1. Are there any pairs with C-beta distances below 8 angstrom linking a residue in region 464-487 that is farther than 13 Å from THR507 by Cβ and without any contact (Cβ under 8 Å) to a residue 40 or more places away in the chain to a residue that is part of a strand (DSSP E or B) and β-branched (Val, Ile, Thr), with the two at least 6 apart or on different chains, and if so which?
2. Could you tell me which residue of region 27-76 is farthest from ILE108 (Cα to Cα), considering only residues that are touching an Asp or Glu at 6+ places or on another chain (Cβ under 9 Å) and β-branched (Val, Ile, Thr)?
3. Counting only residues that are farther than 22 Å from ALA242 by Cβ and either in contact (Cβ under 8 Å) with a residue 60 or more places away in the chain or in contact with a Ser or Thr (Cβ under 7 Å, 6 or more places away or on another chain) (or both), how many does region 170-193 have?
4. Given (1) modelled with pLDDT under 75; (2) over 18 Å from GLU502 (Cβ atoms); (3) exposed (fewer than 15 other Cβ atoms within 10 Å of the Cβ), identify the lone condition not met by PHE427.
5. Condition first: surrounded by fewer than 19 Cβ atoms within 10 Å (Cβ to Cβ), of a type in the set (Gly, Ala, Ser) and assigned to a helix (DSSP H, G or I). Now tell me which residues in region 67-101 satisfy that.
6. Suppose we filter LEU130, LEU104 for residues that are surrounded by 17 or more Cβ atoms within 10 Å (Cβ to Cβ), of a type in the set (A, V, I, L, M), free of Cβ contacts under 8 Å to residues at least 40 places away in the same chain and in a helix (DSSP H, G or I); which single one remains?
7. Tell me which of these SER514 doesn't satisfy, since it passes every other one: (1) under 22 Å from GLU460 (Cβ atoms); (2) at pLDDT 90 or above.
8. Would you mind stating whether GLY166 is small (Gly, Ala, Ser), surrounded by 24 or more Cβ atoms within 10 Å (Cβ to Cβ) and in contact with a Leu (Cβ under 9 Å, 6 or more places away or on another chain)?
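The values are calculated or read from the model by the stated rules, or taken from the named source; none is laboratory data. As the structure is a computational prediction, the values presented were derived from the model and not from experiment. Cβ: placed from backbone, ideal geometry, glycine included. Neighbour counts: every protein chain shown.
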Amino acid sequence: MLRSIIVVLIGVITLLITPYFTFGQSSKIDSLKQAYVQHNKPSTAIELAETLVLTDIDSAVYYLSKLDGISLEKNDRVNYQKIKGRYLTIVSNYDSAVSVYTSLLKDIENEIQYAKIEGDVLDNIGTIYLNLQENNQALDFFNRARRIREKNGIDADMLKSYYSIGNLLFKTQRSNEAIKNYRKAISLIESDTDATFIANINYMMGSAYVILDNSDSAIYFLQKAKTIYDQTHQVISQINTANSIAQAMISEQRFSEAIPLLENNIKLLKSNGDWQKYMAVYSRLSQAYEGLEDYQKALSYQKLRYDTVVGFLANQRTESVAKITEDYRTDKQLDEAEETAVWATQRAKIFGGIAVGLIMLLIISYLLFSRTIQRKKLENLRAMILGEENERKRVAKDLHDGIGVLLTSVKMRLSNFEDKVEDKEAFQSSLGQIDNACSEVRRISHNMVPASLSKLGLEEAMLDLFDNVTASTQIEIKEKLSYEHGDFEESSEVLIYRVIQELVNNTLKYAQASSIQVEMKKLKEEYIIEYKDNGIGFDKTNVKNGLGLKSIASRIDILKGRLTFDSIDGKGVSFRINIPLQHG
């Protein structure tokens, strides 16, 4: 039963974040793109952003960036703000999303023609509070949306209110009450109701029955949802639904029926899966074959499940498990090599005729030994540095998703008491301090792991770094970057970024410079990075005692690159870094 609940909760998360957003089809997107190219109409860009916001968020943001929200006509402005709020919700920027939605509500308040949108926006704000576990606030907004629809006779949208309230009840473990609301929503479905929304209602209904251990009803509603997800090619939803159906079937001992669903999930996961989904499928396949008493296959899938977890942990810890094994093998080989060398030396004393050959063998063995030692040191250094980067990611994520969300929640809760506070100035000052704390958390999180590096690549991350420096200092940065995305793996891009970041930090801390020049270019099979500043320079004889050059050199060693630098007191510093394309 516990396993069933875990499966359901994992699958439900996406639906709670995006309760009834429409998934656009590729043919519609293509025709909209063509129309936008031909006529450049703001309404077309807005429709494109709305269609793409769930499936291709970068493209959605691109089309939103083409619009000036202030100069748009009111109808377009309303739709623009609605899509912007939706985008901010998806990327978990809840504070900004609520701000956009609140501004939109003021813009359309008491205007009957926008009552439908007003209800949707109130539901969306309620969903944000639901994700922040502010259930009372969420219910308040859901009820406000329901009253708007009742007041304006928008009967067709009442199913959205029942669905939203059902999600709140489901998340607060009141599955029976949730089902009653989902049934009311289903009873209001019409022929023109969005297919994805219908699928989502049936999925949530089935999930609630899984929690109640009513497998027959769960399978019935989940199958209805899966049929729609299959028709609309929503792969992640297909996988989640099939997993839930299979789990319910296993509970009913319908093992043979569950297996084809799970095996099809493995095919879908090849292009749309992560380790957690693989692990869930392998676990259920192992259960199914165990139920059929095919213990050999059950054991093989259990092993795959184990290998999946180990693989994930290895990646998260810089392949630590593999390295421990390799270290053991290397140590053993080195011991054997050393014993062989000693034995060869003794034999050389006896057989003088082959002394030269054995000496040569000893020299070669020593060189191989030294090379192996160096390689082992380099691997350990790489593991340490990449482990440090993984720890940075973890801490940055904890800051953003933990403290950041908590501060946002506190601010939104305090905002509800603004009308009841007498000292408005002090109240606004307190909110400003919370805003400053949020900004500081975001700044620290960004410094630890710049989002632009994983999303946009090395060149954009470097430009973002330079922009931040010029915005906060008087230093002028002249850059000339030419980098082809994909030439280096992400881990190598992180190392290069850290080298540049350390060089810039050294300039800011010690150089007293007014300008920096950075050039990155590709030449044959390597990249060349040249970095210069016009600061006070430093004494090369004392270089080991400061400036973080040891950290820079270590990262360049991992990349199998070369570092040269020159500096004269009072005349700045220059660095030249060569990084080969093949350094794995």
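1. LEU481/VAL518
2. Restricting to residues being touching an Asp or Glu at 6+ places or on another chain (Cβ under 9 Å) and β-branched (Val, Ile, Thr), the top hit is ILE29.
3. Of the residues in region 170-193, 1 are farther than 22 Å from ALA242 by Cβ and either in contact (Cβ under 8 Å) with a residue 60 or more places away in the chain or in contact with a Ser or Thr (Cβ under 7 Å, 6 or more places away or on another chain) (or both).
4. Of the numbered conditions (1) modelled with pLDDT under 75; (2) over 18 Å from GLU502 (Cβ atoms); (3) exposed (fewer than 15 other Cβ atoms within 10 Å of the Cβ), the odd one out for PHE427 is (3).
5. Within region 67-101, SER96, SER99 qualify.
6. Values: LEU130 fails: free of Cβ contacts under 8 Å to residues at least 40 places away in the same chain.
None of the others qualify; the one that does is LEU104.
7. It fails just one condition, (1).
8. No, not satisfied.
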